[in-house]
Amino acid sequence: MARLNMYIGDSDILTVYVICNELPVDLTDAVIKFTVKQTVNASEYLIQKSSTDPAQILITDAVNGVFKVYLKAEDTININKGSYPYDIEVTFPDEVVKTIYKIRTKIKQEKKI
């Protein structure tokens, strides 16, 4: 997954494909969390989404490891421009928890039209 770049106050939909050893990871009955923090070790988050709410994260093709993360304008409206770490964590039905992505997102000053 590439670096995520957004403008303050924009919305976006991230489509994520979970693959391991060139094969899709089955996400049937898994719970997915997407979290953006101020710093890697911060205990509080700036944005957090969960597949327990399909309006936040929707698993669109569980067997083939595909889901969408819905970011709304209000998620970024109060975040200062900058670069922030984010991760995606999957809890599988057998309670195994895996962080599948750790990368940075860049929030930019809003566009002038």
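Descriptive notes on the structure:
- Within the range 55-78, considering residues that are over 16 Å from VAL90 (Cβ atoms) and in a loop (DSSP other than H, G, I, E, B), the one modelled with the highest pLDDT: ALA55
- Any hit, the range 27-45, residues being charged (D, E, K, R), without any contact (Cβ under 8 Å) to a residue 12 or more places away in the chain, out of contact with any His (no Cβ under 8 Å at 6 or more places or on another chain) and part of a loop (DSSP other than H, G, I, E, B): yes
- Qualifying residue in the range 88-105 (condition: of a type in the set (S, T, N, Q) and modelled with pLDDT of 95 or more): yes
- Selection count, the range 79-97, where residues are acidic (Asp, Glu), farther than 16 Å from LEU4 by Cα and in a strand (DSSP E or B): 1
- Exclusive hit being polar (S, T, N, Q) and crowded, with 17+ Cβ neighbours inside 10 Å, set THR76, THR39, THR60, THR28: THR76
- In the range 20-29, the residues that are modelled with pLDDT of 90 or more and on the phi < 0 side of the Ramachandran plot: LEU23, PRO24, VAL25, ASP26, LEU27, THR28
- Selection within the range 79-90: residues that are surrounded by 15 or more Cβ atoms within 10 Å (Cβ to Cβ) and of a type outside the set (D, E, K, R). The member of this set that is nearest to ALA30 (Cα to Cα) is VAL90.
- Restricting the range 42-52 to residues that are over 20 Å from MET6 (Cβ atoms) and more than 12 Å from the chain's Cα centre (by Cα), the residue that is surrounded by the most Cβ atoms within 10 Å (Cβ to Cβ): THR52
- Of everything in the range 1-25 that is in contact with a Gly (Cβ under 6 Å, 6 or more places away or on another chain) and in a loop (DSSP other than H, G, I, E, B), the residue that is surrounded by the most Cβ atoms within 10 Å (Cβ to Cβ) is VAL18.
- Qualifying residue in the range 2-24 (condition: without any contact (Cβ under 8 Å) to a residue 40 or more places away in the chain and of a type in the set (Ser, Thr, Tyr)): no
The values are calculated or read from the model by the stated rules, or taken from the named source; none is laboratory data. Keep in mind the model is a prediction, meaning the values are calculated, not measured. Note: ideal-geometry Cβ built from the backbone for every residue, glycine included; neighbour counts use all protein chains shown.
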